[in-house]
1. How many residues are out of contact with any Ser or Thr (no Cβ under 6 Å at 6 or more places or on another chain) and either touching a residue at least 12 places away in the same chain (Cβ under 8 Å) or open to solvent by less than 60 Å² (accessible area, probe 1.4 Å) (or both) when one looks only at region 34-49?
2. Could you list all residues from region 26-57 that are aliphatic (A, V, I, L, M) and over 26 Å from T142 (Cα atoms)?
3. Restricting to region 1-34, name every residue that is within 14 Å of the chain's Cα centre (by Cα) and more than 19 Å from A202 (Cα to Cα).
4. With out of contact with any Lys or Arg (no Cβ under 8 Å at 6 or more places or on another chain), surrounded by fewer than 23 Cβ atoms within 10 Å (Cβ to Cβ) and under 21 Å from R56 (Cβ atoms) as the only criterion, which of T106, T102 stands out?
5. Go through the residues of region 78-90 one by one and say whether even a single one is in contact with a helix residue (DSSP H, G or I) (Cβ under 7 Å, 6 or more places away or on another chain) and within 27 Å of D201 (Cβ to Cβ).
6. Residue by residue through region 115-141, note down the ones that are in a helix (DSSP H, G or I) and in contact (Cβ under 8 Å) with a residue 60 or more places away in the chain.
7. Would region 126-145 turn up any residue that is touching a Pro at 6+ places or on another chain (Cβ under 9 Å), closer than 17 Å to R214 by Cα and either modelled with pLDDT of 90 or more or not small (G, A, S) (or both)?
8. Is it fair to say K117 is among the basic types (K, R) and either open to solvent by less than 50 Å² (accessible area, probe 1.4 Å) or under 17 Å from the mean Cα position of the chain (by Cα) (or both)?
Amino acid sequence: GRASALALAREGAHVVITSRTKADLDSLAAEIEALGTGARALVVPADVSKEADVERLAKAAFDTFGQVDILVSNAGVGKNGTVATLTTEDFDWIMNTNMRSTWLCTKAFFPPMLERKSGSIIFVGSVAGLNGLPNEPIYCSTKFAQMGFAQSIDYEAYPNNVKVSVIAPGGTNTAYGFYNGTRTPGDPILETYQDAEDVADAVIFAATQPPKSRVFMVWMRPMSEALGMGGGNYFKGAAAEQ
């Protein structure tokens, strides 16, 4: 999310940035406004799995900028385990963060795009939404849900000149997983993964397609991973994909 916000701002886009941690948002906003591109950054702390927070986020965005041209739906968490070891609380946490946030943010920003007949919605999904992977039953469920959701709303979108895209990365060197034990800071395998900036480049690619073209899916893999699902060194060590 941070890398995508910076990438969009480098292209001159004003950005509305949201997360639950205001200090991180303030730091990012200062970095964006120091780029010298004229891009503004509106900070709105929110938990995008909560309807009231998303409504407040949307109101702030529309009140400040009048319209939203691009939605990047990026909130995501995960936890590895089996059906026996994962809990219903894990399911609710992961599904609400990954898919409920996708629904709420789309519900807030998609209808005005349809009315205006212009806009782009970009979901940051995962290769885990393309094939089921071992020890990720809940996470895969959420990413499959995102993919099906994107495919469905594309039928509403393209006749109204709104573009829907899914970015599906494999292993990415981010802090994802540090909080639940699926990754260890400093693990050498992380250095073989693609960087967050690589995913942000794909977001820009999707967002800047010419008027008569849309890219529905960008399937990304680091050079260290086999293309096939679950093959090669994909599950080497404790690290998991994004």
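The values are calculated or read from the model by the stated rules, or taken from the named source; none is laboratory data. Since we're looking at a predicted model, the values are computed, not measured. Glycine gets a Cβ as well: all are built from the backbone with ideal geometry, and neighbour counts include every protein chain shown. Only protein heavy atoms, including side chains, enter the accessible area calculation; ligands, DNA and RNA are left aside. Shrake-Rupley method; radii C 1.70, N 1.55, O 1.52, S 1.80 Å.
1. Restricting attention to region 34-49, the residues satisfying the condition of being out of contact with any Ser or Thr (no Cβ under 6 Å at 6 or more places or on another chain) are 34-41, 43, 45, 47.
Checking which are either touching a residue at least 12 places away in the same chain (Cβ under 8 Å) or open to solvent by less than 60 Å² (accessible area, probe 1.4 Å) (or both) leaves us with 35, 37-41, 43, 45, 47.
The qualifying residues number 9.
2. At the first step, the residues of region 26-57 found to be aliphatic (A, V, I, L, M) are 28-30, 32, 34-35, 39, 41-44, 46, 48, 52, 54, 57.
Once the filter is applied, which keeps residues that are aliphatic (A, V, I, L, M) and over 26 Å from T142 (Cα atoms), region 26-57 yields L28, A29, A30, I32, A34, L35, A39, A41, L42, V43.
3. Result: T18, S19.
4. On the way: T102 fails: surrounded by fewer than 23 Cβ atoms within 10 Å (Cβ to Cβ).
Step by step, each of T106, T102 is checked, and only T106 is out of contact with any Lys or Arg (no Cβ under 8 Å at 6 or more places or on another chain), surrounded by fewer than 23 Cβ atoms within 10 Å (Cβ to Cβ) and under 21 Å from R56 (Cβ atoms).
5. yes
6. First pass over region 115-141, keeping only residues in a helix (DSSP H, G or I): 115-116, 127-129, 137-141.
Listed by number, the residues that qualify are V127, A128, I138, Y139.
7. First, the residues of region 126-145 that are touching a Pro at 6+ places or on another chain (Cβ under 9 Å): 126-127.
Now drop any that are not closer than 17 Å to R214 by Cα, which leaves none.
Scanning region 126-145 turns up no residue that is touching a Pro at 6+ places or on another chain (Cβ under 9 Å), closer than 17 Å to R214 by Cα and either modelled with pLDDT of 90 or more or not small (G, A, S) (or both).
8. On the way: among the basic types (K, R): yes; either open to solvent by less than 50 Å² (accessible area, probe 1.4 Å) or under 17 Å from the mean Cα position of the chain (by Cα) (or both): no.
No.
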